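The values are calculated or read from the model by the stated rules, or taken from the named source; none is laboratory data. Keep in mind that what you see is a predicted model, and the values were worked out from it rather than measured. Positions of Cβ are generated from backbone atoms using ideal geometry, with glycine treated the same way; all protein chains shown enter the neighbour counts.
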Amino acid sequence: MNKKFWVDSNGLEMTQRTQTRSLAGNAGPNFTPVSSAIAVRDASSLRQATILNDRPQLATADYQNATVEFVHLTKFGQGMTSKYWMQIFDRFKGQSK
């Protein structure tokens, strides 16, 4: 099971993170600061999906369940609009799809 994902939490480089579960089953420890991108990789097909966000947020990813989650922090009663971009990269071919 692949519980690893990569985040750009400092605006300089992608850092590997590992998804964990607390004793209470809380997913809170899995959320990490993301400055500009979060990525998941499939080792068997050598594909990588990268989601780029337009502002710093908290996020987590799980390739096994095909999920990427972002946390939107807003003031009560105020709406928020975010933009995301997705890149699928085939590491075997060395090109984006």
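Taking ASP42, is it at pLDDT below 85 and charged (D, E, K, R)? Before the answer, list the steps.
Numbers: at pLDDT below 85: yes; charged (D, E, K, R): yes.
So ASP42 passes the test.
Starting from residues that are surrounded by 10 or more Cβ atoms within 10 Å (Cβ to Cβ) and within 16 Å of ASP62 (Cα to Cα), keep the ones in region 9-19 and report whichever is modelled with the lowest pLDDT. Write out each step before concluding.
Initially, region 9-19 is screened for residues surrounded by 10 or more Cβ atoms within 10 Å (Cβ to Cβ), giving 9-10, 14-17, 19.
Now restrict to residues that are within 16 Å of ASP62 (Cα to Cα): 15-17, 19.
On the way: THR15: 85, GLN16: 85, ARG17: 84, GLN19: 75.
Checked region 9-19; the qualifying residue modelled with the lowest pLDDT is GLN19.
Read through the list (1) part of a loop (DSSP other than H, G, I, E, B); (2) modelled with pLDDT under 80; (3) surrounded by 11 or more Cβ atoms within 10 Å (Cβ to Cβ), then give the number of the only condition that PRO29 fails. PRO29 satisfies every listed condition except (1). Please determine whether any residue of region 64-79 is of a type in the set (S, T, N, Q), in a strand (DSSP E or B) and at pLDDT 85 or above. No, because not a single residue in region 64-79 is of a type in the set (S, T, N, Q), in a strand (DSSP E or B) and at pLDDT 85 or above. Looking across region 80-97, the residues that are assigned to a strand (DSSP E or B) and either at pLDDT below 75 or loosely packed, with under 10 Cβ neighbours inside 10 Å (or both) come down to MET86, GLN95, SER96. Scanning region 42-69 for residues that are under 19 Å from PHE89 (Cβ atoms), surrounded by 14 or more Cβ atoms within 10 Å (Cβ to Cβ) and of a type in the set (A, V, I, L, M) turns up ALA49, ILE51, LEU52, ALA59, ALA61, VAL68.
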